[in-house]
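See structure below.
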Amino acid sequence: MNTLFYIIILILVLQFVIETVLDYLNAKRYGDPVPDELNDVFNAEEYEKSQAYKKTNYSFGLLTSTFSLLLTLGFLILGGFEWVDQIARSITDNPIVTALLFFGIIIIGSDIVTLPYSYYSTFVIEEKFGFNKTTRGTFFMDKLKGWGMMAVVGGGLLALIIWFFEWTGSNFWLYAWALVAVFTVIMNLFYSKLIVPLFNKLTPLEAGGLKTKIENYAENVGFELQNIFVIDGSKRSTKANAYFSGFGKEKRITLYDTLINDLEEEEIVAVLAHEVGHYKRKHIVFNLAASILLTGLTLFLLSFFINNPEVSLAIGVSQPSFHTALIGFGILYSPISEVTGLLMNHLSRKFEYQADDFAKNTYVASPLITSLKKLSKDSLSNLTPHPAYVFMHYSHPPLIARIRNLKKV
Ligand SMILES: [Zn+2]
(Lines give C-alpha, C1' and ligand atoms only; values in the text may rest on other atoms or scores of the structure.)
Protein backbone atom coordinates (compact mmCIF):
# COMPACT_ATOMS: atom_id res chain seq x y z
CA MET A 1 0.00 0.00 0.00
CA ASN A 2 1.51 3.34 -0.98
CA THR A 3 0.80 6.88 0.22
CA LEU A 4 -1.51 7.49 -2.73
CA PHE A 5 -3.72 4.67 -1.49
CA TYR A 6 -4.32 6.57 1.77
CA ILE A 7 -4.82 9.83 -0.11
CA ILE A 8 -7.51 8.13 -2.22
CA ILE A 9 -9.28 6.86 0.92
CA LEU A 10 -9.02 10.32 2.45
CA ILE A 11 -10.53 11.97 -0.65
CA LEU A 12 -13.47 9.52 -0.71
CA VAL A 13 -14.19 9.99 3.01
CA LEU A 14 -13.82 13.79 2.90
CA GLN A 15 -16.18 14.05 -0.07
CA PHE A 16 -18.73 11.99 1.83
CA VAL A 17 -18.38 14.16 4.95
CA ILE A 18 -18.73 17.43 3.03
CA GLU A 19 -21.80 16.20 1.13
CA THR A 20 -23.42 14.85 4.29
CA VAL A 21 -22.87 18.11 6.19
CA LEU A 22 -24.31 20.13 3.29
CA ASP A 23 -27.35 17.86 3.05
CA TYR A 24 -27.85 18.17 6.79
CA LEU A 25 -27.64 21.99 6.76
CA ASN A 26 -30.08 22.08 3.87
CA ALA A 27 -32.52 19.68 5.53
CA LYS A 28 -32.50 21.74 8.73
CA ARG A 29 -34.10 24.58 6.75
CA TYR A 30 -37.07 22.57 5.49
CA GLY A 31 -39.17 23.93 8.35
CA ASP A 32 -38.26 27.60 7.73
CA PRO A 33 -41.10 30.05 7.00
CA VAL A 34 -41.77 30.55 3.27
CA PRO A 35 -40.84 34.06 1.98
CA ASP A 36 -43.91 36.29 1.42
CA GLU A 37 -43.41 36.47 -2.37
CA LEU A 38 -43.73 32.68 -2.54
CA ASN A 39 -46.87 32.34 -0.43
CA ASP A 40 -48.99 31.50 -3.46
CA VAL A 41 -46.79 28.69 -4.79
CA PHE A 42 -48.32 26.00 -2.58
CA ASN A 43 -51.36 25.88 -0.36
CA ALA A 44 -50.78 24.63 3.18
CA GLU A 45 -51.61 21.01 2.42
CA GLU A 46 -49.49 20.91 -0.75
CA TYR A 47 -46.58 22.49 1.09
CA GLU A 48 -46.75 19.85 3.76
CA LYS A 49 -46.61 17.16 1.07
CA SER A 50 -43.70 18.94 -0.61
CA GLN A 51 -41.74 19.04 2.64
CA ALA A 52 -42.53 15.39 3.35
CA TYR A 53 -41.15 14.54 -0.12
CA LYS A 54 -37.90 16.35 0.66
CA LYS A 55 -37.53 14.71 4.06
CA THR A 56 -38.09 11.28 2.52
CA ASN A 57 -35.46 11.97 -0.13
CA TYR A 58 -33.07 13.29 2.49
CA SER A 59 -33.22 10.14 4.62
CA PHE A 60 -33.10 7.91 1.55
CA GLY A 61 -30.10 9.85 0.20
CA LEU A 62 -28.27 9.49 3.50
CA LEU A 63 -28.84 5.75 3.45
CA THR A 64 -27.71 5.26 -0.17
CA SER A 65 -24.66 7.52 0.09
CA THR A 66 -23.49 5.72 3.25
CA PHE A 67 -23.99 2.36 1.58
CA SER A 68 -22.15 3.55 -1.56
CA LEU A 69 -19.20 4.82 0.44
CA LEU A 70 -18.90 1.53 2.37
CA LEU A 71 -19.18 -0.41 -0.88
CA THR A 72 -16.48 1.65 -2.60
CA LEU A 73 -14.11 1.52 0.39
CA GLY A 74 -14.72 -2.21 0.81
CA PHE A 75 -14.07 -2.86 -2.88
CA LEU A 76 -10.89 -0.80 -2.77
CA ILE A 77 -9.51 -2.23 0.47
CA LEU A 78 -10.42 -5.87 -0.22
CA GLY A 79 -8.73 -5.82 -3.63
CA GLY A 80 -11.81 -5.63 -5.86
CA PHE A 81 -9.97 -3.83 -8.65
CA GLU A 82 -7.22 -6.48 -8.68
CA TRP A 83 -9.89 -9.21 -8.87
CA VAL A 84 -11.67 -7.58 -11.84
CA ASP A 85 -8.33 -6.83 -13.53
CA GLN A 86 -7.32 -10.50 -13.28
CA ILE A 87 -10.65 -11.63 -14.76
CA ALA A 88 -10.21 -9.23 -17.70
CA ARG A 89 -6.58 -10.30 -18.21
CA SER A 90 -7.48 -13.99 -18.14
CA ILE A 91 -9.78 -13.45 -21.12
CA THR A 92 -7.41 -11.53 -23.40
CA ASP A 93 -3.89 -10.07 -23.77
CA ASN A 94 -4.99 -7.15 -25.86
CA PRO A 95 -4.71 -3.97 -23.72
CA ILE A 96 -7.72 -2.31 -25.39
CA VAL A 97 -10.03 -5.30 -24.94
CA THR A 98 -8.76 -5.78 -21.36
CA ALA A 99 -9.62 -2.16 -20.56
CA LEU A 100 -13.09 -2.47 -22.12
CA LEU A 101 -13.79 -5.64 -20.14
CA PHE A 102 -12.45 -4.07 -16.95
CA PHE A 103 -14.66 -0.98 -17.21
CA GLY A 104 -17.60 -2.98 -18.49
CA ILE A 105 -17.53 -5.30 -15.46
CA ILE A 106 -17.10 -2.43 -13.00
CA ILE A 107 -19.77 -0.16 -14.48
CA ILE A 108 -22.41 -2.83 -15.08
CA GLY A 109 -21.58 -4.48 -11.73
CA SER A 110 -22.00 -1.28 -9.76
CA ASP A 111 -25.16 -0.47 -11.72
CA ILE A 112 -26.65 -3.83 -10.74
CA VAL A 113 -25.66 -3.40 -7.09
CA THR A 114 -27.26 0.06 -6.97
CA LEU A 115 -30.30 -0.97 -9.03
CA PRO A 116 -32.44 -1.39 -5.89
CA TYR A 117 -31.88 2.34 -5.09
CA SER A 118 -33.14 3.62 -8.39
CA TYR A 119 -35.96 1.07 -8.39
CA TYR A 120 -37.04 2.13 -4.90
CA SER A 121 -36.67 5.81 -5.70
CA THR A 122 -38.81 5.51 -8.86
CA PHE A 123 -41.46 3.00 -7.84
CA VAL A 124 -41.76 3.75 -4.14
CA ILE A 125 -40.81 7.39 -3.46
CA GLU A 126 -41.71 9.09 -6.77
CA GLU A 127 -44.77 6.85 -6.98
CA LYS A 128 -45.96 7.73 -3.50
CA PHE A 129 -45.76 11.46 -4.24
CA GLY A 130 -47.50 11.06 -7.58
CA PHE A 131 -44.59 11.87 -9.94
CA ASN A 132 -43.90 8.49 -11.40
CA LYS A 133 -45.39 7.56 -14.76
CA THR A 134 -42.73 4.99 -15.71
CA THR A 135 -43.75 1.37 -16.11
CA ARG A 136 -41.41 -1.40 -15.00
CA GLY A 137 -40.97 -2.32 -18.66
CA THR A 138 -39.80 1.20 -19.57
CA PHE A 139 -37.56 1.31 -16.50
CA PHE A 140 -35.67 -1.86 -17.41
CA MET A 141 -35.62 -1.06 -21.14
CA ASP A 142 -34.03 2.31 -20.28
CA LYS A 143 -31.31 0.50 -18.33
CA LEU A 144 -30.58 -1.88 -21.22
CA LYS A 145 -30.59 0.92 -23.81
CA GLY A 146 -28.33 2.95 -21.52
CA TRP A 147 -25.84 0.08 -21.29
CA GLY A 148 -25.96 -0.46 -25.05
CA MET A 149 -25.31 3.20 -25.72
CA MET A 150 -22.49 3.30 -23.18
CA ALA A 151 -20.87 0.23 -24.73
CA VAL A 152 -20.95 1.77 -28.21
CA VAL A 153 -20.16 5.41 -27.40
CA GLY A 154 -18.12 5.13 -24.19
CA GLY A 155 -16.40 1.94 -25.31
CA GLY A 156 -15.59 3.45 -28.71
CA LEU A 157 -14.07 6.59 -27.18
CA LEU A 158 -12.07 4.63 -24.61
CA ALA A 159 -10.75 2.22 -27.26
CA LEU A 160 -9.59 5.11 -29.44
CA ILE A 161 -7.93 6.91 -26.51
CA ILE A 162 -5.98 3.78 -25.51
CA TRP A 163 -5.04 3.25 -29.12
CA PHE A 164 -3.67 6.84 -29.23
CA PHE A 165 -1.73 6.06 -26.05
CA GLU A 166 -0.16 2.92 -27.50
CA TRP A 167 0.65 4.80 -30.65
CA THR A 168 2.00 8.17 -29.42
CA GLY A 169 2.90 7.65 -25.73
CA SER A 170 2.35 10.62 -23.45
CA ASN A 171 1.36 12.86 -26.38
CA PHE A 172 -1.85 10.86 -26.50
CA TRP A 173 -3.66 13.60 -24.60
CA LEU A 174 -3.59 15.96 -27.59
CA TYR A 175 -5.18 13.37 -29.88
CA ALA A 176 -7.65 12.36 -27.19
CA TRP A 177 -8.55 16.00 -26.67
CA ALA A 178 -9.21 16.56 -30.37
CA LEU A 179 -11.35 13.43 -30.44
CA VAL A 180 -13.40 14.42 -27.37
CA ALA A 181 -13.78 18.01 -28.64
CA VAL A 182 -15.17 16.86 -31.98
CA PHE A 183 -17.40 14.38 -30.18
CA THR A 184 -18.72 17.08 -27.79
CA VAL A 185 -19.62 19.42 -30.65
CA ILE A 186 -21.33 16.63 -32.61
CA MET A 187 -23.28 15.57 -29.52
CA ASN A 188 -24.36 19.15 -28.87
CA LEU A 189 -25.59 19.51 -32.44
CA PHE A 190 -27.23 16.13 -32.88
CA TYR A 191 -28.05 14.81 -29.40
CA SER A 192 -31.72 15.74 -29.74
CA LYS A 193 -31.87 14.29 -33.22
CA LEU A 194 -29.96 11.04 -32.68
CA ILE A 195 -30.01 10.05 -29.00
CA VAL A 196 -33.24 11.43 -27.56
CA PRO A 197 -35.44 9.49 -30.05
CA LEU A 198 -33.98 6.24 -28.65
CA PHE A 199 -35.72 7.02 -25.37
CA ASN A 200 -38.60 9.32 -26.25
CA LYS A 201 -40.94 10.26 -29.03
CA LEU A 202 -40.38 13.70 -30.58
CA THR A 203 -43.05 15.39 -32.67
CA PRO A 204 -42.92 18.83 -34.30
CA LEU A 205 -45.12 21.34 -32.47
CA GLU A 206 -48.42 21.47 -34.33
CA ALA A 207 -49.69 24.66 -35.93
CA GLY A 208 -52.01 26.71 -33.73
CA GLY A 209 -52.14 29.51 -31.17
CA LEU A 210 -49.02 28.47 -29.30
CA LYS A 211 -46.90 28.00 -32.39
CA THR A 212 -48.00 31.37 -33.79
CA LYS A 213 -47.19 33.11 -30.49
CA ILE A 214 -43.74 31.50 -30.39
CA GLU A 215 -43.01 32.41 -34.01
CA ASN A 216 -44.15 36.00 -33.48
CA TYR A 217 -41.88 36.35 -30.49
CA ALA A 218 -38.93 34.75 -32.32
CA GLU A 219 -39.39 37.12 -35.24
CA ASN A 220 -39.59 40.11 -32.88
CA VAL A 221 -36.18 39.39 -31.38
CA GLY A 222 -34.67 38.39 -34.72
CA PHE A 223 -34.25 34.76 -33.82
CA GLU A 224 -34.45 32.23 -36.60
CA LEU A 225 -36.25 29.18 -35.33
CA GLN A 226 -37.33 26.28 -37.49
CA ASN A 227 -37.25 23.39 -35.06
CA ILE A 228 -39.74 23.29 -32.23
CA PHE A 229 -40.37 19.79 -30.93
CA VAL A 230 -42.59 18.27 -28.30
CA ILE A 231 -41.19 15.37 -26.30
CA ASP A 232 -43.37 12.81 -24.50
CA GLY A 233 -41.82 13.46 -21.07
CA SER A 234 -45.12 12.40 -19.51
CA LYS A 235 -44.17 8.81 -20.39
CA ARG A 236 -41.82 8.83 -17.37
CA SER A 237 -42.65 11.67 -15.03
CA THR A 238 -45.11 14.47 -14.34
CA LYS A 239 -42.19 16.92 -13.98
CA ALA A 240 -42.05 19.54 -16.76
CA ASN A 241 -39.16 21.09 -18.64
CA ALA A 242 -38.01 22.87 -21.79
CA TYR A 243 -34.53 23.08 -23.22
CA PHE A 244 -32.53 24.44 -26.03
CA SER A 245 -29.81 22.62 -27.94
CA GLY A 246 -27.49 22.99 -30.88
CA PHE A 247 -26.54 26.15 -32.71
CA GLY A 248 -26.59 27.57 -36.22
CA LYS A 249 -29.04 25.72 -38.45
CA GLU A 250 -29.24 22.83 -36.00
CA LYS A 251 -30.62 24.83 -33.10
CA ARG A 252 -33.86 23.52 -31.75
CA ILE A 253 -36.21 23.94 -28.84
CA THR A 254 -37.65 20.92 -27.11
CA LEU A 255 -40.80 21.33 -25.02
CA TYR A 256 -42.06 18.64 -22.66
CA ASP A 257 -45.68 17.72 -23.27
CA THR A 258 -46.11 18.16 -19.50
CA LEU A 259 -45.05 21.81 -19.89
CA ILE A 260 -47.65 22.37 -22.61
CA ASN A 261 -50.35 20.86 -20.41
CA ASP A 262 -49.44 22.74 -17.24
CA LEU A 263 -48.67 26.25 -18.50
CA GLU A 264 -50.66 28.96 -20.28
CA GLU A 265 -49.47 29.84 -23.78
CA GLU A 266 -48.05 33.18 -22.58
CA GLU A 267 -46.09 31.40 -19.88
CA ILE A 268 -44.62 28.96 -22.39
CA VAL A 269 -43.51 31.85 -24.61
CA ALA A 270 -41.90 33.45 -21.53
CA VAL A 271 -40.02 30.22 -20.79
CA LEU A 272 -38.89 30.15 -24.42
CA ALA A 273 -37.86 33.81 -24.23
CA HIS A 274 -35.59 32.77 -21.36
CA GLU A 275 -34.11 29.98 -23.50
CA VAL A 276 -33.63 32.35 -26.43
CA GLY A 277 -31.85 34.63 -23.94
CA HIS A 278 -29.31 31.86 -23.28
CA TYR A 279 -28.71 31.59 -26.99
CA LYS A 280 -28.50 35.32 -27.67
CA ARG A 281 -26.15 35.94 -24.76
CA LYS A 282 -23.88 33.20 -26.18
CA HIS A 283 -24.17 30.98 -23.10
CA ILE A 284 -24.50 27.86 -25.23
CA VAL A 285 -21.28 28.46 -27.13
CA PHE A 286 -19.52 29.55 -23.94
CA ASN A 287 -20.52 26.38 -22.08
CA LEU A 288 -19.39 24.27 -25.01
CA ALA A 289 -16.00 26.03 -25.17
CA ALA A 290 -15.57 25.83 -21.38
CA SER A 291 -16.29 22.12 -21.33
CA ILE A 292 -13.80 21.50 -24.16
CA LEU A 293 -11.11 23.54 -22.36
CA LEU A 294 -11.73 21.72 -19.08
CA THR A 295 -11.44 18.38 -20.87
CA GLY A 296 -8.11 19.56 -22.30
CA LEU A 297 -6.87 20.46 -18.82
CA THR A 298 -7.96 17.09 -17.41
CA LEU A 299 -6.31 15.12 -20.22
CA PHE A 300 -3.14 17.22 -19.95
CA LEU A 301 -2.89 16.45 -16.21
CA LEU A 302 -3.73 12.81 -16.92
CA SER A 303 -0.73 12.59 -19.25
CA PHE A 304 1.59 13.26 -16.26
CA PHE A 305 0.08 10.49 -14.16
CA ILE A 306 -0.78 7.81 -16.67
CA ASN A 307 2.77 6.41 -16.91
CA ASN A 308 3.32 6.49 -13.16
CA PRO A 309 2.88 2.94 -11.82
CA GLU A 310 2.15 4.29 -8.32
CA VAL A 311 -1.22 5.61 -9.54
CA SER A 312 -2.25 2.11 -10.63
CA LEU A 313 -0.83 0.42 -7.55
CA ALA A 314 -2.75 2.90 -5.37
CA ILE A 315 -6.04 1.18 -6.22
CA GLY A 316 -4.60 -2.16 -5.14
CA VAL A 317 -3.74 -3.84 -8.45
CA SER A 318 -0.51 -5.76 -9.03
CA GLN A 319 0.09 -4.85 -12.68
CA PRO A 320 0.04 -1.17 -13.68
CA SER A 321 -1.92 -0.38 -16.83
CA PHE A 322 -3.68 2.48 -18.59
CA HIS A 323 -7.12 1.51 -17.36
CA THR A 324 -6.16 1.06 -13.70
CA ALA A 325 -4.19 4.34 -13.72
CA LEU A 326 -7.31 5.97 -15.18
CA ILE A 327 -9.35 4.96 -12.11
CA GLY A 328 -6.65 6.09 -9.68
CA PHE A 329 -6.32 9.39 -11.51
CA GLY A 330 -10.10 9.80 -11.62
CA ILE A 331 -10.29 9.76 -7.83
CA LEU A 332 -7.15 11.86 -7.27
CA TYR A 333 -8.46 14.43 -9.74
CA SER A 334 -11.92 14.68 -8.19
CA PRO A 335 -11.04 17.52 -5.74
CA ILE A 336 -9.97 19.60 -8.76
CA SER A 337 -13.13 18.76 -10.63
CA GLU A 338 -15.11 19.79 -7.53
CA VAL A 339 -13.53 23.23 -7.80
CA THR A 340 -14.12 23.58 -11.53
CA GLY A 341 -17.68 22.35 -10.95
CA LEU A 342 -18.19 25.12 -8.37
CA LEU A 343 -16.96 27.72 -10.84
CA MET A 344 -19.22 26.40 -13.58
CA ASN A 345 -22.22 26.42 -11.23
CA HIS A 346 -21.44 29.99 -10.24
CA LEU A 347 -21.31 31.06 -13.89
CA SER A 348 -24.43 29.09 -14.69
CA ARG A 349 -26.39 30.94 -11.97
CA LYS A 350 -25.16 34.25 -13.45
CA PHE A 351 -26.32 33.12 -16.88
CA GLU A 352 -29.76 32.30 -15.50
CA TYR A 353 -30.17 35.90 -14.31
CA GLN A 354 -29.02 37.14 -17.72
CA ALA A 355 -31.51 34.90 -19.52
CA ASP A 356 -34.29 36.02 -17.13
CA ASP A 357 -33.37 39.65 -17.82
CA PHE A 358 -33.48 38.95 -21.55
CA ALA A 359 -36.98 37.51 -21.22
CA LYS A 360 -38.05 40.47 -19.08
CA ASN A 361 -36.69 43.02 -21.56
CA THR A 362 -37.86 41.40 -24.80
CA TYR A 363 -41.15 39.92 -23.56
CA VAL A 364 -42.65 40.42 -20.09
CA ALA A 365 -41.62 39.37 -16.61
CA SER A 366 -44.98 38.41 -15.11
CA PRO A 367 -45.72 35.20 -17.10
CA LEU A 368 -42.15 34.04 -16.46
CA ILE A 369 -42.70 34.58 -12.73
CA THR A 370 -45.94 32.59 -12.73
CA SER A 371 -44.41 29.83 -14.88
CA LEU A 372 -41.41 29.52 -12.55
CA LYS A 373 -43.81 29.22 -9.63
CA LYS A 374 -45.81 26.52 -11.39
CA LEU A 375 -42.70 24.59 -12.37
CA SER A 376 -41.35 24.81 -8.82
CA LYS A 377 -44.65 23.59 -7.49
CA ASP A 378 -44.77 20.70 -9.99
CA SER A 379 -41.32 19.49 -9.04
CA LEU A 380 -41.87 20.20 -5.31
CA SER A 381 -38.67 22.22 -5.37
CA ASN A 382 -37.11 23.66 -2.27
CA LEU A 383 -38.30 27.20 -1.44
CA THR A 384 -35.91 27.64 1.48
CA PRO A 385 -32.52 26.14 0.51
CA HIS A 386 -29.40 26.72 2.62
CA PRO A 387 -27.00 29.25 0.99
CA ALA A 388 -24.04 26.87 1.34
CA TYR A 389 -25.98 24.17 -0.45
CA VAL A 390 -26.95 26.62 -3.20
CA PHE A 391 -23.31 27.70 -3.55
CA MET A 392 -22.10 24.13 -3.95
CA HIS A 393 -24.87 22.46 -5.93
CA TYR A 394 -27.29 24.85 -7.62
CA SER A 395 -26.89 25.51 -11.33
CA HIS A 396 -29.92 27.81 -11.12
CA PRO A 397 -30.52 30.52 -8.49
CA PRO A 398 -33.22 29.67 -5.91
CA LEU A 399 -36.77 30.62 -6.94
CA ILE A 400 -36.99 33.57 -4.52
CA ALA A 401 -33.79 35.14 -5.92
CA ARG A 402 -34.99 34.79 -9.51
CA ILE A 403 -38.39 36.31 -8.73
CA ARG A 404 -36.84 39.26 -6.89
CA ASN A 405 -34.55 39.82 -9.88
CA LEU A 406 -37.49 39.64 -12.31
CA LYS A 407 -39.50 42.13 -10.26
CA LYS A 408 -36.63 44.64 -10.14
CA VAL A 409 -37.35 47.57 -12.47
ZN1 LIG B 1 -31.96 28.92 -18.02
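Below are the figures for this structure:
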item: Net length gained if the chain between LEU63 and TRP83 were fully extended (0.36 nm per residue, minus Cα distance); result: 4.5 nm
item: Within the range 219-255: backbone nitrogen closer than 18 Å to the GLU127 label point (7 Å, Cα to C-beta); result: 235-239
item: For ASN132, distant residues with modelled amide H under 5 Å away; result: GLU127
item: GNM result for the chain, Cα springs below 10 Å: residue of ASN43, ASN241, ASN345 fluctuating most strongly; result: ASN43
item: DSSP H segments from the chain that extend 15 Å or more along their own axis, Cα-based, with Kyte-Doolittle mean of 1.6 or above; result: 3-28, 172-190, 283-305
item: Mean ellipticity per residue at 222 nm, deg cm²/dmol - from DSSP H runs of n ≥ 4 across the chain, formula -39500 (n - 2.57); result: -23000 deg cm²/dmol
item: Cβ-Cβ FRET estimate between HIS393 and SER334, R0 fixed at 25 Å, reported to 0.05; result: 0.95
item: Filtered trypsin sites (Lys or Arg not before Pro), the range 219-249: DSSP coil and at most 10 other beta carbons within 10 Å; result: none
item: Rounded to the nearest 10 Å², the accessible area of HIS396 at probe 1.4 Å; result: 80 Å²
item: Cα centre as origin, Lys/Arg/Asp/Glu Cβ charges: the chain dipole, Debye; result: 320 debye
item: Members of LYS201/LYS350; LYS201/LYS280; LYS201/LYS239; LYS49/LYS360; LYS55/LYS145; LYS54/LYS374 lying beyond 23 Å, as alpha-carbon distances in this model show; result: LYS201/LYS350; LYS201/LYS280; LYS49/LYS360; LYS55/LYS145
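The values are calculated or read from the model by the stated rules, or taken from the named source; none is laboratory data. As the structure is a computational prediction, the values presented were derived from the model and not from experiment. Because the Cβ atoms are built from the backbone with ideal geometry, glycine has one as well, and the counts that use them run over all protein chains shown. Surface accessibility is based on the protein's heavy atoms, side chains included, excluding ligands, DNA and RNA. Shrake-Rupley method; radii C 1.70, N 1.55, O 1.52, S 1.80 Å.
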